[in-house]
Amino acid sequence: MTLFAEIRETVLGAVGALVSEGVLPDGLETRSITVEPPRDRAHGDMATNAAMVLAKPARAKPREIAQALAAKLADDPRIVSVDVAGPGFLNLRLSDDVWRLVIAQVLQEGAAFGRSATGEGRRVNVEFVSANPTGPLHVGHTRGAVFGDALAALLDVSGYDVTREYYINDGGAQVDALARSVYLRYLEAHGQEVAFEDGTYPGDYLIEAGQALKDKVGDAFLGKGEQVWLAEIRDFATGKMMDLIRADLAMLGVKMDVFYSEKSLYGTGRIEAAIDDLRGKGLIYEGVLEPPKGKKPEDWEPRKQTLFKSTEHGDDVDRPVMKSDGSWTYFAPDIAYHFDKVSRGFDELIDVFGADHGGYVKRMKAAVSALSDGRVPLDIKLTQLVKLKRGDRELKMSKRAGTFVTLAEVVEMVGADVTRFHMLTRKNDAPLDFDVDRVREQSKDNPVWYVQYAHARIQSVLRKAAAAGMAADVAHLGAIADPAELALAAKIAEYPRLIEIAAASHEPHRVAFYLYDLASDFHALWNKGNGEAHLRFFQEDDPSATSGKLCLISAVAIVISNGLGILGVTPVDQM
């Protein structure tokens, strides 16, 4: 339980006491009562909305309830003062020992600080990246990869049983185009002149695949029609591209638990089984959709189709699952894939899509709701575009033209740690500028450097103290007494609560934001020590004071390390 949760329990206890005394009526709903950091730390250490929440159902003025609660809360030895603010908010100020105990807790728990069991072992499937297997990953895929992996790690430390999954889109026309493109490179490897027409992939990354195919089959496919080589080259090329994609993910530190092939859904009865499940629930029918207003979607036909009643599960319009010619729509295998996820027993599903898949959100949520009878929630996170820049110049990418900037190139330019952290410096649904020059700057304006620098600075102090025979010792926590030091300890105390909120909202960027704020508070205290000697972390003539201050900065380092671990970034010890 976090410190904020503990104080909330104290507030609820005070509410219960007032109910027992007849000051408040029985049966009040308290779930909306919160205890959180105030917007302005000058107002106190924690704030609660309890009086505001209870006023209407209790038919009492919020300030009167607040004053009664304040009298009860003042009896808690951890609470130094309680102030009623505005219409009835309560601002609490805690004793200095509370923050010192937080430091001791961090040092005791170490890497476990911030971990919790809030997920209660619930099984969560996080599907992310899932790029077409037609080439290496580019910088746009990188954002989805980082976001999905960090989200999975965030859920893992919060007590969920997480599966990281990649859906291989190897069942559509794009893999036929890939096979034809590799065949052209195969001909090229045999010394022939080739031309890449529209619908093929001219990227240089296929040259190696063409040579590998030549090494495997020799001249067996020369002069032969597609009916001879298309199926075999399709499998060969897809395998080669997935090897490339796995290598890209490894460069970024991403390891998938499951690679699921779309092709495995065809000819195996899985699509039919999923549609039959919906049919058994009365959700499949034959009909003609009304022509949509404005731009027509690609799956609309002005003739009878097999339709899914997705509107019964929150969608705007029913969706085709089979075309008038009897072939499946793109939506059908996606339904089957998610039916498989539901059948595997996951309690929650999370899909990480690119921004161009926004139109798929409602239909996929409707499908999962129908397939699971509303039991399994699906959260779809869209990652907005990344604008890769070098100063004022934008670096363009285009897979078809073969000029895209790959994930591997980005990592080679700035490193995996910088890439991962910077990808999380904006919320997933906000556009992101990635300036490969700026992310290497050593300044406060570069979040990843600023956080890493805080950790490195702490390690330098710890090394200096160790050389002088000094070490952190909780017996000397009393040395943490200055308001700036206690404020830093209070910031540390926010970390477990922050992790719970970030996990519940599926927002790993909150961790990056918090780490930047924590590093900023640490650097501010460091700079303050330049002018006020008693605030310096290493007190050469005062081993006891040094020992206590080392506890504080060691706790900062632990929290930074734990947070960076969620983001998939390695903390540095020196810079």
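The values are calculated or read from the model by the stated rules, or taken from the named source; none is laboratory data. Computed from a predicted structure; not experimentally measured. Here the Cβ positions follow ideal geometry from the backbone for every residue, glycine too, while neighbour counts run over all protein chains shown. Ligands, DNA and RNA are stripped out before the accessible areas are found, and what is left, the full protein with its side chains, is counted by its heavy atoms. Shrake-Rupley method; radii C 1.70, N 1.55, O 1.52, S 1.80 Å.
For the chain, adding -39500 (n - 2.57) for each run of n ≥ 4 DSSP H residues and dividing by the number of residues yields -15000 deg cm²/dmol at 222 nm. Around the amide H of SER81, modelled in the peptide plane, lie the amide H atoms of ARG93, all under 5 Å away and 5 or more residues distant in sequence or on another chain.
Only aspartates and glutamates eight or more places from LYS255 in sequence, or on another chain, were considered; those with a Cα closer than 15 Å are GLU127, ASP149, ASP156, GLU165, ASP243. Note the angle between two axes, namely the Cα long axis of helix 509-531 and the longest principal axis of the Cα atoms of the chain, as a number of degrees from 0 to 90, rounded to the nearest 10. Once rounded, the angle reads 40 degrees. Of all the C-alpha pairs in the range 158-218, what % are more than 20 Å from each other? The share of Cα pairs beyond 20 Å in the range 158-218 comes to 40 percent. For the range 348-356, 3J(HN,Hα) computed residue by residue from phi via the Karplus equation (6.51, -1.76, 1.60; θ = phi - 60°) reads 9, 10, 10, 10, 10, 10, x, 4, 6 Hz, glycine and proline entered as x. Of the solvent-accessible surface of the chain, computed with a 1.4 Å probe over protein heavy atoms with every protein chain present, carbon and sulfur atoms account for 48 percent. Taking Cα atoms, how many degrees apart are the long axis of helix 270-280 and the longest axis of the chain, rounded to 10 and kept between 0 and 90? Rounded to the nearest ten degrees, it is 70.
For the chain, averaging the sequence separation of C-alpha pairs within contact (under 8 Å, six or more residues apart) and dividing by the residue count gives a relative contact order of 15 percent. What is the helix-to-structure angle for 173-189, meaning the angle in degrees between its Cα long axis and the longest Cα principal axis of the chain, kept from 0 to 90 and rounded to the nearest 10? Around 70 degrees separate the two axes. Cross-link pairs exceeding 27 Å in C-alpha to C-alpha distance, out of LYS362/LYS491; LYS444/LYS464; LYS309/LYS341, comprise LYS362/LYS491. Would you mind computing the Rg to Rh ratio of the range 9-112 from its alpha-carbon coordinates, Kirkwood style for Rh? Dividing the radius of gyration by the Kirkwood radius yields 1.03.
Please state the charge dipole magnitude for the range 425-569, taken about the Cα centre, from unit charges on C-beta atoms (+1 on K and R, -1 on D and E), reported in debye and rounded to the nearest 20. Its charge dipole is roughly 200 debye.
Summary of the geometry: the range 300-342 and the range 499-575, compared by the centres of their Cα atoms, lie 51 Å apart. Pairwise inverse Cα distances across the chain, averaged and inverted, put the Kirkwood hydrodynamic radius at 27.5 Å. Could you pull out every one of the lysines with an alpha carbon less than 20 Å from that of LYS387, ignoring same-chain neighbours closer than 8 positions? Partners found: LYS396, LYS399, LYS427. Backbone geometry of the range 67-82 corresponds, through the Karplus equation with coefficients 6.51, -1.76 and 1.60 at θ = phi - 60°, to 3J(HN,Hα) couplings of 5, 5, 5, 4, 5, 6, 5, 5, 6, 6, x, 7, 9, 7, 8, 10 Hz, x marking Gly and Pro. Overall form of the range 316-358: oblate. Here a/c, set by the Cα gyration tensor axes a ≥ b ≥ c, is 1.5 or more, and a/b is not larger than b/c.
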